[in-house]
Each structure stands twice: as structure tokens, then as C-alpha cells.
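**Q** Quick one: the structure is below, and I'll ask about it shortly.
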Amino acid sequence: MSETTTALVTGANKGIGYEIAAGLGALGWRVGIGARHDGRREAAVEKLRAAGVDAFGVPLDVTDDTSVAAAARLVEDRAGGLDVLVNNAGVTGGGPQEPTTVNLAAVRTAVETNVIGVIRVTNAMLPLLRRSASPRIVNMSSSVGSLTRQTSSTDEFVTGPVAVAYAPSKTFLNAVTVQYAKELRDTNILINAACPGFVATDLNGFRGVRTPEQGAAIAIRLAALPDDGPTGGFFEDAGVVPW
């Protein structure tokens, strides 16, 4: 990939998303900073530019068709195309999330952003990605979406807390990633799911043990895969995450 590679990162105004954008920018790439909140998005763009990143703001609410369509037009107008999409925006859905007492609105919220939002953004950006020489899609998942880990351990550090909205939304996202890989297997688009590890962000009340920069590393690696790289996989720093 050349220095003219253009990437779009959703939810990029803070946390892991910001560090993904910073890391891709450090490769010499142009990076679209997708975020809903105008002030935080532009503050992130300003900070990245001050660090030497070729960053531009992309107003983007992944739950809104009109917003996503406008974002696709903006990326094309501003950059002329798109090479890499990192679907990072995500929510927990709110708590508590014990299955027997959960408010169903929490489940809907998690799925709307973490799954449907990814499909919405991916499909809107695909016409641009298809024109790229080496298109990549990275879906930010979580090891709590691993059914193998959920059923083979009682260690909350491995499984996360009981969360009938958030954890299954990541399992759903993993399955969606596989379906895209199957449909796109005869194209040059590589699409994979990434687990950043237990990162200290506002999503978990900053209880994580890894930094956002550490959490961003796997996404950056998958975004820069060679043309013979894997597709339809689920990866963390240590390698493949079991489904």
C-alpha cells in the first residue's frame, strides 16, 4: 500500500478508534475521522494534524442511513476513494445485562450499533472500496464474542461479565464478518474481525488493563495486510481467537 492509502475509522474521536487513526496516520495514510459529536471529532482531527497525520473529519452516525450515505459522499469528495474501512464504533447497550432481567432496549441498542451499524457503513463504503487496489475491512469485535471462551472458562477476565446485549452483539458481528468474507471471496477485499483485548476506555469505566494504543495494534495490522493475507478470520495480538 502506498502513502496515498485512504482509511476511514468510525468512532475515531477517542479511545481505541483514535489510536487506530493515529497508527494508520503514522504509516503515511490519509485518515477520515468518523464520529457523531462535532466538537470531539474536530478536536481529534486537530490533535492528529498537529502530530503530522493527514486527517479529515467525517460526520458519521452509524445508526442513521442519511448520515452514513452523506459520509460516503464526503469521503469520495475529499479523498477520491477509500482503501481501508475500520468499523470501530460500538456501544455496550447500557446495563445491567443479566438475561433474566435485562431491558430489551439494551439489546436492541447494542445490535443496532455494533451489528446493523457495521453492515450499514460497510455497504455504503463498498462501492469506494471495490475501486481500491488493496481494499481492507476491519471489524472491531471482542473476545467476549467468542463462544468457545464463553463456554470454556468461568474467569470473568476471560469471559467478561454476564452481558446479554454486548457479548452476543460481538458474536453476531463475528458471524456477519464471516458472511461478508464468503460473499466477497472472489474479490480482492480482505475482511477480518479484531479483538483489542481488555482496554481501559470509557466503554468499561476505564477498568481495562491495556492502553488504547495497545488495543489499536491488531486493527492496524489487519488494515495493512498484504494481498495474500487472511480473510474471514478473528484475530488478537497473540493470533487467532477461537469462534
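The values are calculated or read from the model by the stated rules, or taken from the named source; none is laboratory data. All of these numbers come straight from a predicted model, not from anything done at the bench. All Cβ positions, even for glycine, are placed from backbone atoms using ideal geometry, and neighbour counts span all protein chains on display. Each accessible area value is taken on the protein alone, full model and side chains, heavy atoms only, with ligands, DNA and RNA left out. Shrake-Rupley method; radii C 1.70, N 1.55, O 1.52, S 1.80 Å.
**Q** Mind checking which strands (runs of 3 or more DSSP E) fall wholly inside the range 20-114 and carry at least 1 residues that are under 23 Å from Thr177 (Cα atoms) and open to solvent by less than 30 Å² (accessible area, probe 1.4 Å)?
**A** Answer list for the range 20-114: 30-35, 84-87.
**Q** May I ask you to verify whether Gly117 is within 30 Å of Ser132 (Cα to Cα), touching a Phe, Trp or Tyr at 6+ places or on another chain (Cβ under 9 Å), in contact (Cβ under 8 Å) with a residue 40 or more places away in the chain and crowded, with 21+ Cβ neighbours inside 10 Å?
**A** No: the conditions fail for Gly117.
**Q** Checking Val164 against (1) aliphatic (A, V, I, L, M); (2) closer than 15 Å to Thr92 by Cβ; (3) open to solvent by less than 30 Å² (accessible area, probe 1.4 Å): exactly one of these is not met. Which one?
**A** Val164 satisfies every listed condition except (3).
**Q** Could you check, for the range 147-156, whether at least one of its residues is of a type in the set (A, V, I, L, M, F, W, C) and open to solvent by less than 60 Å² (accessible area, probe 1.4 Å)? Don't jump to the end; show me each part of the working.
**A** Going through the range 147-156, the residues of a type in the set (A, V, I, L, M, F, W, C) turn out to be 147.
From the residues that got through so far, the ones that are open to solvent by less than 60 Å² (accessible area, probe 1.4 Å) too are none.
Among the residues of the range 147-156, not one is of a type in the set (A, V, I, L, M, F, W, C) and open to solvent by less than 60 Å² (accessible area, probe 1.4 Å), which makes the answer no.
**Q** Now, a different point. Condition (residue is modelled with pLDDT of 95 or more, over 27 Å from Asp83 (Cα atoms), exposed (fewer than 14 other Cβ atoms within 10 Å of the Cβ) and touching a helix residue (DSSP H, G or I) at 6+ places or on another chain (Cβ under 7 Å)) applied to the range 167-183: is it met by at least one residue?
**A** no
**Q** Helices (runs of 4 or more DSSP H) wholly in the range 136-187 with at least 2 residues that are basic (Lys, Arg) - which ones?
**A** 166-183
**Q** Related question: So which residues in the range 1-19 are open to solvent by 40 Å² or more (accessible area, probe 1.4 Å) and touching a helix residue (DSSP H, G or I) at 6+ places or on another chain (Cβ under 8 Å), if there are any at all?
**A** Hits for the range 1-19 are Lys14, Glu19.
**Q** Can I ask one more? Would you be able to tell me the number of residues in the range 137-177 that are of a type in the set (Val, Ile, Thr) and over 19 Å from Met125 (Cβ atoms)?
**A** Taking the range 137-177 as the starting set, the residues that turn out to be of a type in the set (Val, Ile, Thr) are 137-138, 144, 148, 151, 154, 158-159, 162, 164, 171, 176-177.
Then keep just the ones that are over 19 Å from Met125 (Cβ atoms); that gives 144, 148, 151, 154, 158-159, 162, 164, 171.
Residues flagged as of a type in the set (Val, Ile, Thr) and over 19 Å from Met125 (Cβ atoms) within the range 137-177 amount to 9.
**Q** Same structure again: Filter the range 36-76 for residues that are without any contact (Cβ under 8 Å) to a residue 40 or more places away in the chain and among the small types (Gly, Ala, Ser) and give the result.
**A** Those that are without any contact (Cβ under 8 Å) to a residue 40 or more places away in the chain and among the small types (Gly, Ala, Ser): Gly39, Ala43, Ala44, Ala50, Ala51, Gly52, Ala55, Gly57, Ser67, Ala70.
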